[in-house]
1. May I ask for the Rg/Rh ratio of the stretch 351-487, computed from Cα atoms with Rh as the Kirkwood radius, given to two decimals?
2. Name the residue from TYR383, ILE393, THR363 whose Cα lies farthest towards the positive end of the charge dipole of the stretch 328-433, charges +1 on Cβ of Lys and Arg and -1 on Cβ of Asp and Glu.
3. In whole Hz, with x marking every Gly and Pro, tabulate ³J(HN,Hα) for the stretch 307-321 from phi via Karplus 6.51 cos²θ - 1.76 cosθ + 1.60, θ = phi - 60°.
4. Nearest 20 debye, what's the magnitude of the dipole of the chain about its Cα centre given +1 on Lys and Arg Cβ and -1 on Asp and Glu Cβ?
5. Over the stretch 86-142, what percent of the accessible surface lies on carbon and sulfur atoms, probe 1.4 Å?
6. Over the stretch 293-332, with every protein chain in place, what whole percent of the accessible area is carbon and sulfur at 1.4 Å, could you tell me?
7. Quantify, in whole percent, the carbon and sulfur part of the accessible surface of the stretch 370-495 (1.4 Å probe; protein heavy atoms only).
8. Going through the stretch 78-173, which chymotrypsin sites (Phe, Trp or Tyr not before Pro) have at most 11 other Cβ atoms within 10 Å and a DSSP loop state?
Amino acid sequence: MEGVLQPATREGQAGPRWKSERLIVVRKPGNAGGAKGPLFQGSVRRRDSRGLAMSLKPPEKVGKLQAALHDKAKRSPSYRFYLLYDKVYRADVMAYAYECCRRNAGAPGVDGQTFDDIEKYGRDRWLDELAEILREKRYQPQAVRRVWIPKPDGKQRPLGIPTIRDRVVQMAAVLVLGPIFEADMPPEQYAYREGRSALDAVEAVNEWLYLGYTEVVDADLSGYFDSIPHAELMKSVARRVSDRHVLHLIKMWLEAPVEETDEQGRRRRTTRNKDDGRGTPQGGVASPLLANLYMRRFVTGWRKLGHERRLNAHIVNYADDFVIVTYPGGADEATTAMRKMMEKLRLTVNETKTRTCRLPEETFDFLGYTFGRQYSPRNGRAYLGRKPAKKKIRRLCGEISAATDRRTTWQDVRDLVADLNAKLRGWSNYFRVGTVVPAYETIMKHTRRRLRRWLGVKHKVRGSVVARYPSAYLHGELGLHLLPGCTTGWKRANS
């Protein structure tokens, strides 16, 4: 294996053909060129796959190790790797894992240790000591710190934050295991994979619609990450890995206790994951790989059980989100088959959010985009396509409103505009396929209106703020970012 250094071609490496951004979205595959712009930093593809492959280029020896592992896994689909643990604590792997974790930043875990603390202590010394603990098999993960992240619907999503020490070890394991499992990933899965992104999944759905698959099972799973059964997940790992020390590492991470701090500052630890035998914490470095690996059971089982061919039904999956596209008349049977499979996988279908959608009469949302009937602004002709979902537009407008609240007028206008530009660029770098210009126009008008109001309050302007701060001033003097494709009429008239 060590002599094989060049990776085999990745199955399904090339995603759907990308569509260039114009006023009219193209309505058939292959006629819509590719955007490569960044999402928030780096490329969309690198950002989406950061959970597994990281955005840093690996050192030469680490890259060769990964290529050899991937090539061996690709050439031998039934091969089980039995000597991997020593590669996890290899000095170059550990050093690269640390740099990936440091680049991803993140809050400290239950021990309160930060990257600055490690740098002051001595990074090399810290890594050597951690590698020695692994080598002597004395490693034990610490508790996962749980925090709650507000969701747009008012609910909260649990997020698990391991300590930096545990994140580095998990990252090192992912660097070794990722290339092995990547060789087995089906093309229907788009999340956490190098060279694939959420926009690839969006475009895959769009192409199926163009081909006539106009009935869609819009599925939703209840608490996917928290409900993955440990025993079945470990079987998925052991199908490729027989190294008992690596398997023990993964089991320890799955069963790690969770620590929460209540409103009075009191800490409470629970062992629910271990007691229930299910769940992998969202926020853990290894969780995306494990979640993808277990979802693979559903995706590959769909094909092996004959549902794909019998129902002519195809899956597009991104993390715990997926849709099943079929020809007219096949969605109800596909829904029934999906429910039966999820029951066997011990996963729960969210019945309130799972529905059958029949286009073009209905629409559905997937990964922030709304799919359904669109109209060409050039000739008014109807076609099936995608556009940014209204709730995503409302969320961005809400963030802009919060940033331009009258209570923020103490700050310098240049700092405010820089913040607004970051929000606008970040949003448009993801929402940049399909019919986007109407959404851009709505957001641009809202941003100008809020910025003018903010300036009027700050400078106590009497009279019309539009006359005092025309669009030419906002974009030309202050440098407010103009979203692509929006009208440039502000040079001739205010808007």
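The values are calculated or read from the model by the stated rules, or taken from the named source; none is laboratory data. These figures come from a predicted structure and were not determined experimentally. Virtual Cβ from ideal backbone geometry, glycine too; neighbours counted across all protein chains shown. Ligands, DNA and RNA are stripped out before the accessible areas are found, and what is left, the full protein with its side chains, is counted by its heavy atoms. Shrake-Rupley method; radii C 1.70, N 1.55, O 1.52, S 1.80 Å.
1. Details: Rg = 17.7 Å, Rh = 16.7 Å.
Rounded to two decimals, Rg/Rh equals 1.06.
2. The residue sitting farthest along the positive end of the dipole is TYR383.
3. Coupling constants for the stretch 307-321: 5, 4, 7, 5, 9, 6, 10, 10, 9, 10, 10, 9, 6, 9, 9 Hz.
4. Details: 90 positive and 57 negative charges, 340 e Å.
The calculated dipole for the chain is roughly 1640 debye.
5. Working: 1340 of 2970 Å².
With neighbouring chains kept in place, the figure for the stretch 86-142 is 45 percent.
6. On the way: 760 of 1590 Å².
Of the solvent-accessible surface of the stretch 293-332, carbon and sulfur hold 48 percent.
7. Working: 3240 of 6510 Å².
That share works out to 50 percent.
8. Details: sites: TYR79, PHE81, TYR82, TYR85, TYR89, TYR96, TYR98, PHE115, TYR121, TRP126, TYR139, TRP148; in loops: TYR79, TYR82, TYR89, TYR139.
Those that pass, being in a loop and sparsely packed, are TYR82.
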